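Trainee: Okay, handing you the structure first.
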Amino acid sequence: MDSQYIDHAMVLAGILFCLGLVGVMVRRNLLFMMISIEVMLNAAGLAFIAAGSAWGQPEGQIMFLAVITLGAAEVAVGLGLTLLLFRHHNSVNVDKLNQLRG
Amino acid sequence: MQQLWLIPCLPLVGFLLLVLGHGRCSRSVARLVGVGSVAMAALVTLWVALDFYSPGAAQSYQVQLWPWFSAGTLEVSFGLYLDGLSLSMLFVITGVGSLIHWYASGYMWQDPDYQRFFAYMNLFVAAMLMLVLADNLVLLFLGWEGVGLCSFLLIGFWHQDPANGYAARKAFVVTRVGDTAFAIGLFLLFRELGTLDLPTIMALAPEQFVMGANRPTLIAALLLAGAVGKSAQLPLHTWLPDAMAGPTPVSALIHAATMVTAGVYLIARTHEVFLQAPDVLLAVAFIGLFTLLISGFTALNQTDIKRVLAYSTMSQIGYMFFALGVGAWNESVFHLMTHALFKALLFMTAGSIILAMHHEQDIRSMGGLRRQLPVPFWCFVIGSACLVALPPTSGFFSKEAILNASWQLPGYGPWLWLGGVLGAFITAIYSFRLLFMVFFGPQKAQPHEPKGWQFHPPLIILAALSLVAGWFVLPTAPVLPASPAGHPPTWTIVVAITMPLLGIGIAYQVYVRHQWQGLRFAQWQKLRQFLFQGWGFDGLYKGLLLTPFTALAQVNRNDIIDGLPKLLIQLSRFLHGLFSQLQNGQLRFYIATLASAAIIVLALALKVL
Amino acid sequence: MIWAYLYNIVFYASCGVTVLATILMISRHNAVHALLYLIISSLSLAIIFYLLGAAFAAALEVIVYAGAVMILFVFVVMMLNQGQRSAAHEAAWLPARGWILPSVLAAILLSLLLIGMYSGQPLQPYGVHGVAVKDVGIALFGPYVLVVELASFLLLSGLIGAFHIARKMPSHMSSNELEEVDHG
């Protein structure tokens, strides 16, 4: 019936995920990397919602709730780490954090 | 004869005591243990001999001590076998051995490594006794290798001088060639007869082998190769003159009386196999003959007193091989015994002279010593007389019998006899040359005779024994095949007796009266050099074997065969370098890696689907 | 009939806005611009959620995501004092050739995802089913109450962690000493 919407919603999720991946890989600013990760989480949530809609079950939205919670906690801690990075190196360039090499 | 096991055990215990007490015991204790163990073994030998000679005793006695190993159908045990042949060898080894040990306890007194010397000597005597008492060929091989090892250790005893180490290595490597052939011969013998037990082999060999066939010939030839290596015959003889780098008692014991006779013992012990291969026996005779002549000619030209005696040993063992080849088995073993006596005497006397002349070994620096050193002089005279086989001495009886048997050999007999007589002639010349150059003529240096009660008694005892030993009959007759009976024509005996006298006369003329100097071929420098270097065998082996081998080793300096494991190591290092670059600490690189991995996994999963 | 068309228009328009906003977002130099584009992207995503019948999710998206998380980002941007200087940095850090490899990787990944999506047979014909908020609530308080509890754990630990990590250091310490204190 309306399966095209579910399919296209999934396609959109895939596109958003890959765009977010591009953003994480390209940017050097830790802040932008975290924003891109948020985009990826968003995409995953969209996939869950679409699946829940396809099956007509509330589990999709419950999972989306879990995803958002996770994203929020991760953002909180991540931004704290970003602040720490900024204080130490006076820059948010993530390439400065390369001492775990070898 | 229950105490037979004591004989090899006592010197072994002596060795262990000396090794364990190294650095802790004094010289006197070392002397007591070292000489005492061999002397006690000699006493036990006498006891065993009394048992053996008592009326009603068995002709042979075999005892199994304990099993050694078994592999498949091969069962080897530690077992001892006593018969007339091994009893004769026991006399020689323990008797002459204890006298030499006694002498050596005085000779080596000043040496700082006194205990180590006697440890090695005891180990040698133990190994040699194991060799002659073994009841199977594997145990014999154990003793064989043991004496080779001790020879190496003792030649290179003064290891601080690298030349001694070189001589020791040379001895070991050259005898190794023979040992390898011996081992292959043992393998073939086991495959043919199914056992390596000596009495069984002696019983089976005439039945299983066809005379003159390929198999016994091959086995006998390989055993001969082993004997040739150990006894310093052609072509594996190059190590013996260099082995004189060891102390003189070592030369006396190992390279005159015992180890070099091991080859003769081997051939005598496995005579049934050789009897089935008459071609090999002929080869034995010819090898003996050629060694006899070549080393005799070489000895004429030597200037080091010990090297003359070394070449003389080579020559006399050639005589023993010669005797084995022509069928004079008992005479060969008899000659072995008498040779042990007088050669040990000659070497020990030479040792006394060397000590008296402050370690001078060149005979051109000696002269006129007969007044200052009377006991060594008379002992040397007696020894030389035995060597030359002058009538009443023991050497005379053995050599006469050998030449008689050689004349009677069908085929090459008279030629071999001629060679033997020529050898006797040369022997007389070089041995009396030595005697005259050392003891006669103007005195060139002042000798100081070494003090000590160990020096003269062994010499005197050995001199007495070598004079009277001719009247002993060795108990080998039941063991070895009888020599050809019959008498050669009388003129041969006359020639054989007069040739040595002729040689002595010539030596007297040249070296004492200094007449007939033309005979010294002084102007033929090249010939003298050739003879001096042992007919160029050293050079031949060096060019043929040593130089290509060292060149190959040089080419393989970086060890090409080792390249394969090294390749593995290099590959591993390379991969390590490669992979460690993946860990560069860059977060974005890690993320890209994650994405790539996810792609790969997804691709695999979807293709599978 | 027009409702069907309206549905299509709104749906695909939202999709387009989401994608466009995301593309623009990841390529901005200015942090605040990027955040604003992200807000737009989440709002259009909320519309899509609603069109898929998940009203509760749409509400959550707007309130929590666009509302709280983004504001958190904005605050941090303000604290980091990213101004003209940082915009210049960003420009320097984003050369054109730096986009190639990630784009290629992402394109490959996307194609694989699409292949995965469209291969195989669907289990049953499916369509858009709306799920009422009441059903979601009953599920949350019923079988999935543990999810709620776990979410609260997560948020608590995140709170405490963020609080500890980002605490204010005494200002007379140098950066080395700050490192030592952090290790302790």
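The values are calculated or read from the model by the stated rules, or taken from the named source; none is laboratory data. Just so it is clear, the model here is predicted, and its values are computed rather than measured. Here the Cβ positions follow ideal geometry from the backbone for every residue, glycine too, while neighbour counts run over all protein chains shown. Keep in mind that these areas ignore ligands, DNA and RNA; they rest on the heavy atoms of the full protein, side chains included. Shrake-Rupley method; radii C 1.70, N 1.55, O 1.52, S 1.80 Å.
Trainee: Out of residues 5 or more away from B:Asn136 or on other chains, whose amide H comes under 5 Å of its own, with H placed 1.01 Å from N in the peptide plane?
Mentor: When sequence neighbours closer than 5 places are left aside, the close amide H contacts are B:Gly79, B:Leu198.
Trainee: Continuing with this model, one more query. Could you list the residues of the stretch B:587-609 with an amide nitrogen less than 17 Å from a label point located 7 Å from the Cα of C:Gln121 in the Cα-to-C-beta direction?
Mentor: Those under the cut-off are B:609.
Trainee: Sticking with this structure for a sec: Which log10 I(q)/I(0) values, to two decimals, does the stretch B:237-307 give at q = 0.15, 0.17 Å⁻¹ under the Debye formula with one point per Cα?
Mentor: Result of the Debye calculation: -0.64, -0.78.
Trainee: Shielding by partners for B:577-589, please: the mean number of other protein chain Cβ atoms within 10 Å of each residue's Cβ.
Mentor: 4
Trainee: For C:Arg28, what accessible surface area do you get with a 1.4 Å probe? Give it in Å², rounded to 10.
Mentor: Rounded to the nearest 10, that gives 80 Å².
Trainee: Then there is this: log₁₀ I(q)/I(0) of the stretch B:76-196 at q = 0.10, 0.11, 0.13, 0.18 Å⁻¹, via Debye over equal Cα point scatterers, no solvent, to two decimals?
Mentor: The Debye formula, applied to the Cα set alone, gives -0.39, -0.46, -0.63, -1.05.
Trainee: I'd like the per residue volume of the convex hull spanned by the Cα atoms of the stretch B:161-250, given in cubic angstrom.
Mentor: Dividing the Cα hull volume of the stretch B:161-250 by its residues yields 109 Å³.
Trainee: Restricting things to alpha carbons, find the Rg to Rh ratio for the protein assembly as shown using the Kirkwood radius for Rh.
Mentor: 1.41
Trainee: Right, something else. Could I get the Rg over Rh figure for chain A? Both from C-alpha atoms, Rh via Kirkwood, rounded to two places.
Mentor: Rounded to two decimals, Rg/Rh equals 1.12.
Trainee: What dipole magnitude, in Debye to the nearest 20, does chain B give about its Cα centre under +1 on Lys/Arg Cβ and -1 on Asp/Glu Cβ?
Mentor: Dipole size: approximately 1740 debye.
Trainee: Let me ask something additional. Give, to the nearest whole percent, the P(r) tail of the stretch B:343-487 beyond 25 angstrom, counting all Cα pairs.
Mentor: The calculated P(r) of the stretch B:343-487 puts 40 percent of pairs beyond 25 Å.
Trainee: Another question about this same structure. What is the Cα centroid distance between the stretch B:360-396 and the stretch B:260-296, reported in whole angstrom?
Mentor: Between the Cα centre of the stretch B:360-396 and that of the stretch B:260-296, the gap is 29 Å.
Trainee: Among B:Lys306/B:Lys444; B:Lys230/B:Lys306; B:Lys170/B:Lys399; B:Lys343/B:Lys399; B:Lys170/B:Lys566, which pairs are too far apart, with a Cα-Cα distance over 23 Å?
Mentor: B:Lys170/B:Lys399; B:Lys170/B:Lys566
Trainee: Still on this structure, please answer the following. In Å, what is the Rg of the alpha-carbon atoms in the stretch B:413-473, and how long is Dmax?
Mentor: Reported Rg and Dmax, both Å: 17.6, 51.
Trainee: Okay, next question. What do the square roots of 5 times the Cα gyration tensor eigenvalues come to for the stretch B:532-609, in whole Å, largest first, as semi-axes of the equivalent ellipsoid?
Mentor: Semi-axes, largest first: 62, 16, 5 Å.
Trainee: Cross-link candidates for C:Lys168: which lysines have Cα within less than 27 Å, leaving aside residues fewer than 8 places away along the same chain?
Mentor: Here the lysines satisfying the reach criterion relative to C:Lys168 are A:Lys96.
Trainee: Shifting gears a bit: Let me know the volume per residue of the alpha-carbon convex hull for the stretch B:9-127, in Å³.
Mentor: Dividing the Cα hull volume of the stretch B:9-127 by its residue count gives 113 Å³.
Trainee: When only C-alpha pairs under 8 Å and at least 6 residues apart count, what is the relative contact order of the stretch C:1-142, in percent?
Mentor: Contact order relative to length: 25 percent.
Trainee: I've got another one for you. Which whole number gives the average, over all residues in A:81-91, of C-beta atoms from other chains lying within 10 Å of the residue C-beta?
Mentor: Going residue by residue through A:81-91 and averaging, the value is 4.
Trainee: Provide a whole-number value for the mean count of partner chain Cβ atoms within 10 Å of the Cβ atoms in peptide A:45-53.
Mentor: The per-residue average across the peptide is 6.
Trainee: For the stretch B:437-579, take the convex hull of the Cα atoms, compute a quarter of its surface area, and give me that in nm², please.
Mentor: 23.3
Trainee: Right, next: Helix-only mean residue ellipticity at 222 nm, chain B, DSSP H runs n ≥ 4 weighted -39,500 (n - 2.57), per residue, nearest 500. What is it?
Mentor: One gets -22000 deg cm²/dmol as the mean residue ellipticity at 222 nm.
Trainee: Can I ask one more? For chain C, compute the orientation-averaged projected area of the C-alpha convex hull (one quarter of its surface), in nm².
Mentor: 16.8
Trainee: What does the helix-only formula give at 222 nm for chain C: each DSSP H stretch with n ≥ 4 adding -39500 (n - 2.57), the total divided by the residues, and the result rounded to the nearest 500 deg cm²/dmol?
Mentor: That calculation yields -23000 deg cm²/dmol at 222 nm.
Trainee: When only alpha-carbon atoms count, how far does the stretch C:1-88 stretch along each of its three principal axes, as whole angstroms with the largest first?
Mentor: So the three principal-axis extents are 54, 24, 13 Å.
Trainee: Taking only complete DSSP H runs, can you tell me which helices of chain C stretch 20 Å or more along their own long axis by Cα positions and average at least 1.0 on the Kyte-Doolittle scale?
Mentor: Helices meeting the span and hydropathy rule in chain C are C:2-26, C:31-51, C:100-118, C:145-165.
Trainee: In whole Å, what are the Cα extents of the stretch B:66-136 along the three principal axes, biggest one first?
Mentor: 53, 28, 13
Trainee: Would you compute, for the Cα atoms of the stretch B:291-337, the largest minus smallest coordinate along each principal axis and list the three values in descending order, in whole Å?
Mentor: 35, 19, 8
Trainee: Right, next: List the relative contact order of the stretch B:162-309 as a percent without decimals, with contacts defined as Cα pairs under 8 Å and 6+ residues apart.
Mentor: Computed value for the stretch B:162-309: 29 percent relative contact order.
Trainee: Put one equal scatterer on each alpha carbon of chain B, apply the Debye formula with no solvent term, and list log10 I(q)/I(0) at q = 0.09, 0.12 1/Å to two decimals.
Mentor: Normalising to I(0) and taking log10 leaves -0.71, -1.24.
Trainee: Next question. If you count, for each residue, the other Cβ atoms within 10 Å and average over each peptide, how do B:121-129, B:458-466, B:294-302 line up from highest to lowest?
Mentor: Most protected by this proxy first, the peptides run B:121-129, B:294-302, B:458-466.
Trainee: Related question: Mean projection of the alpha-carbon convex hull of the stretch C:120-165 over all orientations, in nm²?
Mentor: Projected area, direction-averaged: 6.3 nm².
Trainee: Oh, and also: If you rank C:Val10, B:Val473, B:Val228 by how much accessible surface each has, with a 1.4 Å probe, what is the order from largest down?
Mentor: B:Val473, C:Val10, B:Val228
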